[in-house]
Structure formats: structure tokens, C-alpha cells
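Right, one structure below, let's go through it.
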Amino acid sequence: MRNFESIRRHVNTAGYNITSHDEDVICIELSLEKGTRHQSIFLSELDDDDGRPYLRVSTAIAPTTGMDPKRALAFNWQSVVGYLAIGDLDGVPYLQLVENRPYEGLDAAEVDRLVLEIGGLGDRMERMMSAGGDLL
């Protein structure tokens with residue numbers, strides 16, 4: 001995978017349920033637990049300070065209202081894959097699970113693994129923060 005267009009080609013042929021397909025963002029809806037739960041995963045591209053391109057894989061967890069930032073920072077310290085950040089979703093600040101990977105060395109299997117891992121973990125975190133609900 002050398003660029004965002006190669007990511008786009010892969011997700012189009014891999015059988016994912018793509019719900020949004022903008023020029024710079026792809027939204028995949030994962031169906032989890034035999035279709036009883038769903039999680040939206042967003043793929044986008046960003047560049048570091050040197051212009052090196054990265055794939056960003058993210059999913060919204062919960063609105064930030066009433067959240068304890070200590071828990072998010074503790075998660076970031078312990079997490080091997082993914083970190084928590086706050087991002088805007090339709091004008092509302094949301095806690096999001098994010099992973100950034102450089103395109104160098106990124107292949108189709110790793111993209112699939114990231115989508116499934118961030119999606120599954122994001123759904124489990126969403127369930128814990130929403131008393132079992134499915135927010136997005």
C-alpha cells in the first residue's frame with residue numbers, strides 16, 4: 001500500500017460495507033456479533049511534519065460529556081494498538097480510538113487487521129461507556 005488510492009482499491013474489493021466514500025475519507029460499517037452490533041470505522045490520510053504519509057484508522061466511542069480524562073490517559077499508557085483522542089463528529093466532541101500507520105510496510109492484510117481490531121475494540125469500549133448501548 002503506497003497511497004490512499006491503493007487503500008481505497010483494497011477496501012472496495014475486500015467486501016467491506018462502505019457507507020461513505022469521500023475523496024479523503026472512507027467509512028466502513030462493521031457488523032459485529034452476528035449483526036446485533038455495528039461500528040463505523042473511518043480511514044483517512046495524514047502527513048507528518050516531513051510530508052511522510054500515514055493511514056489513520058479511527059472509530060468514535062462516546063461523547064466526551066462527563067468523561068474522566070485520567071481513564072483515557074491510563075488506556076493510552078497501557079494500549080499496544082490504538083490510542084484515545086478527542087475529535088469532532090457532527091459538531092460534538094467525541095472520544096475516538098485511533099491508530100496511525102505509515103504507508104511504508106503497510107499491506108492489505110495489515111489494513112484488514114487494523115480495521116477489525118480498531119472496530120472490535122472500539123465497539124467493546126463503546127459498550128462499556130454506554131451501559132451496553134450502540135451509539136453509532
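Any read-out appearing in this document is the output of simple, stated calculations on the displayed coordinates, not a laboratory observation. All of these numbers come straight from a predicted model, not from anything done at the bench. In this analysis, Cβ positions are derived from the backbone assuming ideal geometry, glycine residues included, and neighbour counts consider all displayed protein chains.
Treating only the Cβ atoms of Lys and Arg (+1) and Asp and Glu (-1) as charged, compute the dipole magnitude of the chain about its Cα centre; round to the nearest 20 debye.
560 debye
Compute the Cα gyration tensor for the range 1-87, then decide on rounded, prolate or oblate, letting a ≥ b ≥ c be the square roots of its eigenvalues: rounded whenever a/c is under 1.5, prolate when a/b is larger than b/c in the other cases, and oblate in all that remain.
Since a/c reaches 1.5 but b/c is at least a/b, the shape of the range 1-87 is classed as oblate.
From the phi of every residue in the range 96-109, what ³J(HN,Hα) in whole Hz does the Karplus formula 6.51 cos²θ - 1.76 cosθ + 1.60 yield, where θ is phi - 60° and glycine or proline is x?
10, 9, 9, 9, 10, 10, x, 5, 4, x, 7, 10, 4, 5
Calculate for the chain the 222 nm mean residue ellipticity that helices alone would give, adding -39,500 (n - 2.57) per DSSP H run of length 4 or more and normalising by residue count, nearest 500 deg cm²/dmol.
Computed mean residue ellipticity for the chain: -10000 deg cm²/dmol.
Between residue 112 and residue 85, with labels modelled 7 Å along Cα→Cβ, what's the label distance in nm to one decimal, could you check?
Each label point is offset 7 Å from its Cα along the Cβ direction, giving 2.7 nm.
What is the percent of Cα-Cα separations in the range 32-136 that go past 25 Å?
Of all Cα-Cα distances in the range 32-136, 21 percent exceed 25 Å.
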